[in-house]
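Peer 1: Sharing a structure here in structure tokens format.
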Amino acid sequence: MFITFDGVDCAGKTTQSAMLYNHLVLQNIPAYLTKEPGGSYAGAKIRQILVSEELDETEKLFLFLADRANHVRTVIRPSLEAGRVVICDRYHDSTVAYQFPLLDGLNQSTKDDLRNIATRGLEPDLTFIIDLPAEEVLRRMKTRKDNNILDKDDIEYYRGVRNVLNKIWENQDENRVIVKIDGMMGIEYIHQAIVKWFNHYRKV
Ligand code: TMP
């Protein structure tokens, strides 16, 4: 089973994906926790470029896609084939929310092609989108120590990302299960909700 977490920065995805992973381990369910960008050996090098160089959106897009294609081939698919539940902190929904809106001239069929090439056709079985108002993103970012070049001090930017993620949730079709979680709730409360949804949709 392939589970992804997405959301604006500082929404709590990393915390929640680690909590779900720990829960599965305690339940003796084989699991693997990974992230994008940087979840594979080559991807860690790509991440290093992404967080240290001033790149434009086109350049970033192709690095995120290259990271994903490598991640799916070398990490995610092999882990799924070994029978693990794979939990991934960010996946293609991030590209749709962060890169696609900033690039002019990408029509829907190009976006679909890029998605299929990078994911190699692998779609999540379950996605959690943790929602957070843009004001709260900036507030949390100010108290976070490990910000990098990809983090912006721009409320409109995070409003845009949040809107796209909400649209992805609203427009989900029968091929995807996407659960939206209110990131303003307490960490333990969110975790319990996620465990309930996992048990509901469990495919192991
Ligand atoms: P994170 O490790 O804190 O989640 O940071 C990853 C950053 O990369 C975050 O700002 C979102 C961004 N990102 C994209 O812009 N596009 C993508 O496809 C992915 C996976 C991440």
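Peer 1: Could you compute the longest span of the chain free of GluC sites (Glu not before Pro) located in DSSP loops and having at most 11 other Cβ atoms within 10 Å, not counting the site residues?
Peer 2: Values: sites that count: 53, 54, 174.
Value returned for the longest uninterrupted segment is 55-173.
Peer 1: From the convex hull of the Cα coordinates of region 2-203, what is the mean projected area in square nanometres?
Peer 2: 11.0 nm²
Peer 1: Using only alpha carbon pairs under 8 Å that are at least six residues apart, calculate the relative contact order of the chain and give it in whole percent.
Peer 2: 33 percent
Peer 1: Could you name the lysines in cross-link range of residue 152, using Cα to Cα under 30 Å and dropping any fewer than eight places away on the same chain?
Peer 2: Residue 152 reaches 13, 35, 45, 60, 111, 142, 167, 180.
Peer 1: Once Lys and Arg get +1 and Asp and Glu get -1 on their Cβ, which of 15, 99, 137 lies farthest toward the positive end of the dipole of the chain?
Peer 2: 15
Peer 1: Suppose every Lys and Arg Cβ carries +1 and every Asp and Glu Cβ carries -1, with no other charges. What dipole size does region 69-154 come out with about its Cα centre, to the nearest 20 debye?
Peer 2: Magnitude of the dipole: close to 360 debye.
Peer 1: Also: What is the order of 5, 198, 100, 128, fewest Cβ neighbours within 10 Å to most?
Peer 2: Ascending number of Cβ neighbours within 10 Å: 100, 198, 128, 5.
Peer 1: Nearest 20 debye, what's the magnitude of the dipole of region 101-204 about its Cα centre given +1 on Lys and Arg Cβ and -1 on Asp and Glu Cβ?
Peer 2: So the magnitude is around 340 debye.
Readers should treat all values here as calculations from the given coordinates under stated rules, not as data from a laboratory. Just so it is clear, the structure is predicted and the values come from calculations on it, not from any experiment. Reconstructed Cβ throughout: ideal geometry from the backbone, glycine too, with neighbour counts over all protein chains shown.
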